[in-house]
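**Q** The following block contains the structure, expressed as structure tokens.
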Amino acid sequence: MNSKKNKIGGYVVWLGIPILIILALYIISGQKKPSDGYKYSEILSYFTPGSSDVSPSDWKAAQVEDFDLSFNTSVLTIHLKEDDKGNKPDDIVYKVPSIDLFVNDAKKGMADLRKSGIMIGEDYEAKQDNSLLASLLPTLIMIGGLVVLYYFMFRRVNGIMGEGSRQMNFGKAKIKNVADEKRKTTFNDVAGADEEKEELQEIVDFLKNPKKYNDLGAHVPKGVLLVGPPGTGKTLLARAVAGEADVAFFSISGSDFVEMFVGVGASRVRDLFDQAKKNHPCIIFIDEIDAVGRHRGAGLGGGHDEREQTLNQMLVEMDGFGANEGVIIIAATNRPDILDPALTHPGRFDRQVMVGYPDIKGREDILKVHSKSKPLGPDVDLSVIAKTTAGFTGADLENLLNEAALLAARRNLKAITMREIEEATIKVVAGTEKKSKKISDKEKRLTAYHETGHAIVTYYCPTQDPVHEISIIPRGMAGGYTMSLPQEDRSYKLRGEMKEDIAVLLGGRVAEALILDDISTGASNDIERATKLAREMVTKYGMSEKLGPIKYGSASEEVFLGRDFGHTVDYSNEIANEIDNEVRSLVSAGYKQAATILSQHVNKLHQVAQYLMEHEKMSGSAFEQMMKE
């Protein structure tokens, strides 16, 4: 009802302002007085005979040759006769204040002139414009122009400030209420997160049957914080909770609270909680809460921080209602380390649910969910795809099947085959092939030996995953690639594996130096990754025998908070020297290991590189067969 009233009020304003402007202009134009320097009586004397004792030649009426009067503009123009010397006097132009009055007065004067035998011009009726359209045309043009101008101004304001009644409501929360959507999300739509669903099932049960918990005196968490990497399904889980409980679901992003105007964020927080309390039981979902819940006091300088005021208001509001009032807050973030401690302590976000990468069973379940609406060929085995996609999130798997469907459509196929899925996997990981790029024979030879170096070192390192494909066709930013797909899920890595990872990364540089007697810039990314891995082994994982199991440096490589300045280095210069030496030692050891392997199997290096120069690609099975021969 309120929205209808607001809409009617908007139409009244939209139409009322132009009408008021037109009325004001009309009144002003109607009150305009003649400013030509003539009096009304002087003008009438040109149409009225003089006294009988004055000769007709002295009458002003006798000087008039003709006259014009426009009904549209009320302008009277009197054309005077030439004088005795032949000079033509200037026309007299006069703004008539009242058309009707002047018509009556002038007709009387002209009648008297006719009786005296003096005729001037034609009859008055012959000069007037009796067309109604001609008289109203200027007014209609002015009204139309004002309406068009106001219409475009109204649309411009709407585009900037928002629609309808929300034009000036800066303090209102931009909430998306998806409780009335046609198809509700349930836990059946969420795969690969069984433990997370169990954690959230308790909240669903409370929203459906709060009396059971209230009778036992149990307190359901006020807030649940979903923590995990991007794409793991945090938002989907929150929507599934609302769909299962069949309650209102208010969704808002953390960045929606922050505005250029001071105090708007706190006002929006108040409005959000007010609406939630009116519609309880309900769920408030705040996505990317780290945008507004960042650690207080971390800003540089002493200025007023709008984010801090917004966070303060959120803390107050979360304390302002009881645990069993039927309002549950679910928030999602992939940066829990920068959240304010007051936000995560019990009483606000009581429970943290970790939403991590899905395991092999979870990936298979996710693939089943996303493949329901896609026709799959008989050779497609989702369990095999799940094994070869370790480290993929739910969003990655959805994107993988979508890319495979696009490839099948491009080839005019009726179903998605395993070939499309394998190509889509490589496309998602490495990027799109650049087949049209022209590559010289010299560059192709260098790339072939470089990628073969990676592959052979991988083959002879027992902890490494088997090679899936080798290619010298450019993809993304890389000139070629050697792909190894994990065969199993790993939650940790051993020191020996990480040392072999460094050797594999440096295998391309070693092959260039060994065969081509020169090195190129193609190994820059490999060297960067090998150096980073070696430094993490020393400073983060405590894998250096010389420095021992000690953590060196800050937890984050980048400074996100003001409090991190000055605390990124917590060791002496001597220790920094030793860290550099240990990193150099690990990288050098990996380089020597790769050089030893390639020197011992240089014949295989030539064979695989020659195959790549001829075919540009080599499958994992073909590589395995060539290495065993």
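**Q** Tell me which of these PRO375 doesn't satisfy, since it passes every other one: (1) closer than 19 Å to PRO230 by Cα; (2) modelled with pLDDT of 85 or more; (3) open to solvent by 40 Å² or more (accessible area, probe 1.4 Å).
**A** Every listed condition holds for PRO375 apart from (1).
**Q** Any residue at all in the range 580-591 that's aliphatic (A, V, I, L, M) and either at pLDDT below 90 or assigned to a loop (DSSP other than H, G, I, E, B) (or both)? Reasoning before the result, please.
**A** The initial filter retains those residues of the range 580-591 that are aliphatic (A, V, I, L, M), namely 583, 586-587, 589.
With either at pLDDT below 90 or assigned to a loop (DSSP other than H, G, I, E, B) (or both) added as a condition, the list becomes none.
There is no residue in the range 580-591 that is aliphatic (A, V, I, L, M) and either at pLDDT below 90 or assigned to a loop (DSSP other than H, G, I, E, B) (or both).
**Q** Here's another thing I want to ask about it. What number goes with the only condition from (1) open to solvent by less than 60 Å² (accessible area, probe 1.4 Å); (2) modelled with pLDDT of 60 or more; (3) more than 60 Å from the chain's Cα centre (by Cα) that LYS39 does not pass?
**A** Of (1) open to solvent by less than 60 Å² (accessible area, probe 1.4 Å); (2) modelled with pLDDT of 60 or more; (3) more than 60 Å from the chain's Cα centre (by Cα), only one is false for LYS39: (1).
**Q** Please go through the range 453-472 and pick out each residue that is surrounded by 19 or more Cβ atoms within 10 Å (Cβ to Cβ) and either under 42 Å from the mean Cα position of the chain (by Cα) or in a strand (DSSP E or B) (or both). Explain how you work it out, then say what you get.
**A** First pass over the range 453-472, keeping only residues surrounded by 19 or more Cβ atoms within 10 Å (Cβ to Cβ): 453-461, 467-472.
Those that are surrounded by 19 or more Cβ atoms within 10 Å (Cβ to Cβ) and either under 42 Å from the mean Cα position of the chain (by Cα) or in a strand (DSSP E or B) (or both): HIS454, ALA455, THR458, VAL467, HIS468, GLU469, ILE470, SER471, ILE472.
**Q** Out of curiosity, is THR388 open to solvent by 10 Å² or more (accessible area, probe 1.4 Å), more than 28 Å from the chain's Cα centre (by Cα), touching a residue at least 60 places away in the same chain (Cβ under 8 Å) and more than 19 Å from GLU195 (Cα to Cα)?
**A** Details: open to solvent by 10 Å² or more (accessible area, probe 1.4 Å): yes; more than 28 Å from the chain's Cα centre (by Cα): yes; touching a residue at least 60 places away in the same chain (Cβ under 8 Å): yes; more than 19 Å from GLU195 (Cα to Cα): yes.
In short, yes.
**Q** Now a separate question. What number of residues within the range 212-229 satisfy the criterion of being surrounded by fewer than 19 Cβ atoms within 10 Å (Cβ to Cβ) and part of a loop (DSSP other than H, G, I, E, B)?
**A** Let us first name the residues in the range 212-229 that are surrounded by fewer than 19 Cβ atoms within 10 Å (Cβ to Cβ), namely 212-219, 229.
Now restrict to residues that are part of a loop (DSSP other than H, G, I, E, B): 217-219, 229.
Within the range 212-229, residues that are surrounded by fewer than 19 Cβ atoms within 10 Å (Cβ to Cβ) and part of a loop (DSSP other than H, G, I, E, B) number 4.
**Q** Run down GLY496, GLY508 and say which single residue is small (Gly, Ala, Ser) and either in a strand (DSSP E or B) or over 30 Å from PRO549 (Cβ atoms) (or both). Full working, then the answer.
**A** On the way: GLY496 fails: either in a strand (DSSP E or B) or over 30 Å from PRO549 (Cβ atoms) (or both).
Selected residue: GLY508, the only one of GLY496, GLY508 that is small (Gly, Ala, Ser) and either in a strand (DSSP E or B) or over 30 Å from PRO549 (Cβ atoms) (or both).
**Q** Within the range 377-391, can you find the residues that are β-branched (Val, Ile, Thr) and not in a loop (DSSP other than H, G, I, E, B)? Quick ask: steps written out before the conclusion?
**A** Of the residues in the range 377-391, the ones β-branched (Val, Ile, Thr) are 380, 384-385, 388-389.
VAL384, ILE385, listed by residue number.
**Q** Inside the range 476-500, can you point out the residues that are in contact with a Ser or Thr (Cβ under 7 Å, 6 or more places away or on another chain) and farther than 18 Å from GLY391 by Cβ?
**A** GLY479, GLY480, GLY496, GLU500, listed by residue number.
**Q** Just to be sure I understand, how many residues within the range 473-483 are polar (S, T, N, Q) and under 33 Å from the mean Cα position of the chain (by Cα)? Break it down stepwise before answering.
**A** If we filter the range 473-483 for residues that are polar (S, T, N, Q), which is where we start, we get 482.
Still in the list and also under 33 Å from the mean Cα position of the chain (by Cα): none.
Selection size over the range 473-483: 0.
**Q** Out of GLU497, GLU528, GLU545, which single residue is open to solvent by less than 40 Å² (accessible area, probe 1.4 Å) and of a type in the set (Asp, Glu)?
**A** Working: GLU528 fails: open to solvent by less than 40 Å² (accessible area, probe 1.4 Å); GLU545 fails: open to solvent by less than 40 Å² (accessible area, probe 1.4 Å).
Checking each option against the conditions leaves just GLU497.
**Q** Looking only at the range 414-452, count every residue that is free of Cβ contacts under 8 Å to residues at least 24 places away in the same chain and outside any helix (DSSP H, G or I) and tell me the total.
**A** 3
**Q** Here is a further query. Against the conditions (1) open to solvent by less than 30 Å² (accessible area, probe 1.4 Å); (2) without any contact (Cβ under 8 Å) to a residue 40 or more places away in the chain; (3) of a type outside the set (A, V, I, L, M), where does PHE349 fall short? Just the number, please.
**A** All conditions are met except number (2).
**Q** Oh, and also: When both residues are 6+ apart or on different chains and their Cβ atoms are under 6 Å apart, which pairs have a first residue that lies in the range 571-590 and is within 20 Å of GLY496 (Cα to Cα) and open to solvent by 50 Å² or more (accessible area, probe 1.4 Å), and a second that is at pLDDT 95 or above and of a type outside the set (Gly, Ala, Ser)?
**A** none
**Q** Where residues in the range 481-491 are free of Cβ contacts under 8 Å to residues at least 40 places away in the same chain and assigned to a strand (DSSP E or B), which of them is surrounded by the fewest Cβ atoms within 10 Å (Cβ to Cβ)?
**A** SER484
**Q** Let me ask something else. List every residue pair whose Cβ atoms lie under 7 Å apart, where the two residues are 6 or more positions apart in sequence or sit on different chains, the first residue falls within the range 465-480 and is without any contact (Cβ under 8 Å) to a residue 24 or more places away in the chain, and the second residue, located anywhere, is buried (at least 18 other Cβ atoms within 10 Å of the Cβ) and part of a loop (DSSP other than H, G, I, E, B).
**A** From the range 465-480, the pairs are ASP465/LEU485.
The values are calculated or read from the model by the stated rules, or taken from the named source; none is laboratory data. Just so we're clear, the structure is a prediction, and the values are computed from it rather than from any experiment. Ideal geometry is used to build each Cβ from the backbone, glycine not excepted, and the neighbour counts take in all protein chains shown. When the accessible area is computed, the model is the full protein with side chains, heavy atoms only, and any ligands, DNA or RNA have been set aside. Shrake-Rupley method; radii C 1.70, N 1.55, O 1.52, S 1.80 Å.
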